[in-house]
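Enquirer: Here it is, the structure, as structure tokens.
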Amino acid sequence: PKMAEEVEQRVEEFITYLAQKKNCVHSSYDVARRTVLFLRDIVSKTKWSNPRELMERVRRDGKRLISIQPGESTIGNMVRRVLKIIREELARCLRGSEDFETKDSLHTMLKGGGDGDDYSKPVPNLKGAVIEAILELLGEIEESANNIAAQALDHIHANEVIMTVGYSKTVEAFLKGAARKRKFEVIVAESAPSYQGQQLARSLAQSGIDTTLITDSAVYAIMSRVNKVIIGTHTVMADG
């Protein structure tokens, strides 16, 4: 009961976080990380006796979160990713194969079944396997910005003028990665009314990058000087 109460508290805290910024654009990284941590707690701290019960709980709480921010695709993506992890780890536990890879149809992803597996029977080692896979997913999320930043030198060249808008953790890492070996100038539009561009401009300047902060209305006037515009993406669709 105590662990269940902790999970319910986490649900309410996350819902409050989303509701407080309902009209704001959240950091995709932050939302993804918070969602996966929350789903990890569901797996580790709630009471469930078989895979079906676990998946139903993940879906139910996932829908609660999505209903607060319907436009926040990151939440739904992480919920679906964890559901896929549960199916994959169930298959591995039942078949005893590390190399097993499930192939999910759309129907399977929505209904939660597939390949003839019985989701109503207890699987002793499933919890540990799912938690381990979720921790690997967290590692992927936390390293995503660094992996993108590693490609910075292929795209930013010496003496270029780069423009960006607002604040993005990924863009920040990307520009700092390029600045280790290249000299260039960055122009940051402040992105009213949140003015998150001020945070990025301050961070880049502290790292020794030649940085200029401008108002949003000055973008048109200064665009002729700019070689590249680099902005963070909130959602990337399947077609790129």
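Enquirer: Is there a residue being out of contact with any strand residue (DSSP E or B) (no Cβ under 6 Å at 6 or more places or on another chain), modelled with pLDDT under 90, crowded, with 18+ Cβ neighbours inside 10 Å and not polar (S, T, N, Q) anywhere in the range 20-31?
Expert: Yes, the range 20-31 contains at least one residue that is out of contact with any strand residue (DSSP E or B) (no Cβ under 6 Å at 6 or more places or on another chain), modelled with pLDDT under 90, crowded, with 18+ Cβ neighbours inside 10 Å and not polar (S, T, N, Q).
Enquirer: Could you list, in sequence order, the residues of the range 128-143 that are open to solvent by 80 Å² or more (accessible area, probe 1.4 Å) and free of Cβ contacts under 8 Å to residues at least 60 places away in the same chain? Step through it out loud before you land on a result.
Expert: Applying the first criterion (open to solvent by 80 Å² or more (accessible area, probe 1.4 Å)) to the range 128-143 yields 132, 135-136, 140, 143.
Passing the criteria: 132, 136, 140, 143.
Enquirer: A further question follows. Give the range 191-232 a look and list any residue that's outside any helix (DSSP H, G or I) and either among the charged types (D, E, K, R) or free of Cβ contacts under 8 Å to residues at least 12 places away in the same chain (or both), or say none. Step through it out loud before you land on a result.
Expert: At the first step, the residues of the range 191-232 found to be outside any helix (DSSP H, G or I) are 191-195, 207-215, 226-232.
Answer for the range 191-232, where residues must be outside any helix (DSSP H, G or I) and either among the charged types (D, E, K, R) or free of Cβ contacts under 8 Å to residues at least 12 places away in the same chain (or both): 193, 195, 210, 228.
Enquirer: Quickly run through the range 144-155 and pick out the residues that are surrounded by 12 or more Cβ atoms within 10 Å (Cβ to Cβ) and in a helix (DSSP H, G or I).
Expert: The answer is 144, 145, 146, 148, 149, 152, 153.
Enquirer: Any residue at all in the range 193-214 that is open to solvent by 70 Å² or more (accessible area, probe 1.4 Å), touching a helix residue (DSSP H, G or I) at 6+ places or on another chain (Cβ under 7 Å) and of a type outside the set (Ser, Thr, Tyr)?
Expert: The answer is yes, given that some residue of the range 193-214 is open to solvent by 70 Å² or more (accessible area, probe 1.4 Å), touching a helix residue (DSSP H, G or I) at 6+ places or on another chain (Cβ under 7 Å) and of a type outside the set (Ser, Thr, Tyr).
Enquirer: Taking the range 30-61, which residues are within 12 Å of residue 83 (Cα to Cα), basic (Lys, Arg) and in contact with a Leu (Cβ under 8 Å, 6 or more places away or on another chain)?
Expert: 40, 59
Enquirer: Which of the residues belonging to the range 38-97 are open to solvent by 10 Å² or more (accessible area, probe 1.4 Å), touching an Asp or Glu at 6+ places or on another chain (Cβ under 8 Å) and of a type in the set (D, E, K, R)?
Expert: 45, 84, 88, 92
Enquirer: Another question about this same structure. Restricting to the range 76-102, give me the number of residues that are β-branched (Val, Ile, Thr) and at pLDDT below 90. Steps first, answer last, please.
Expert: Pass one, the range 76-102, residues β-branched (Val, Ile, Thr): 79, 82, 85-86, 102.
Remaining after also requiring at pLDDT below 90: 102.
Count: 1.
Enquirer: Here is a follow-up. Determine whether residue 180 is surrounded by fewer than 16 Cβ atoms within 10 Å (Cβ to Cβ), closer than 26 Å to residue 32 by Cα and of a type in the set (D, E, K, R).
Expert: no
The values are calculated or read from the model by the stated rules, or taken from the named source; none is laboratory data. Quantities reported herein were computed from a predicted structural model and do not represent experimental measurements. Glycine gets a Cβ as well: all are built from the backbone with ideal geometry, and neighbour counts include every protein chain shown. Heads up: the accessible areas ignore ligands, DNA and RNA and are worked out on the full protein's heavy atoms, side chains in. Shrake-Rupley method; radii C 1.70, N 1.55, O 1.52, S 1.80 Å.
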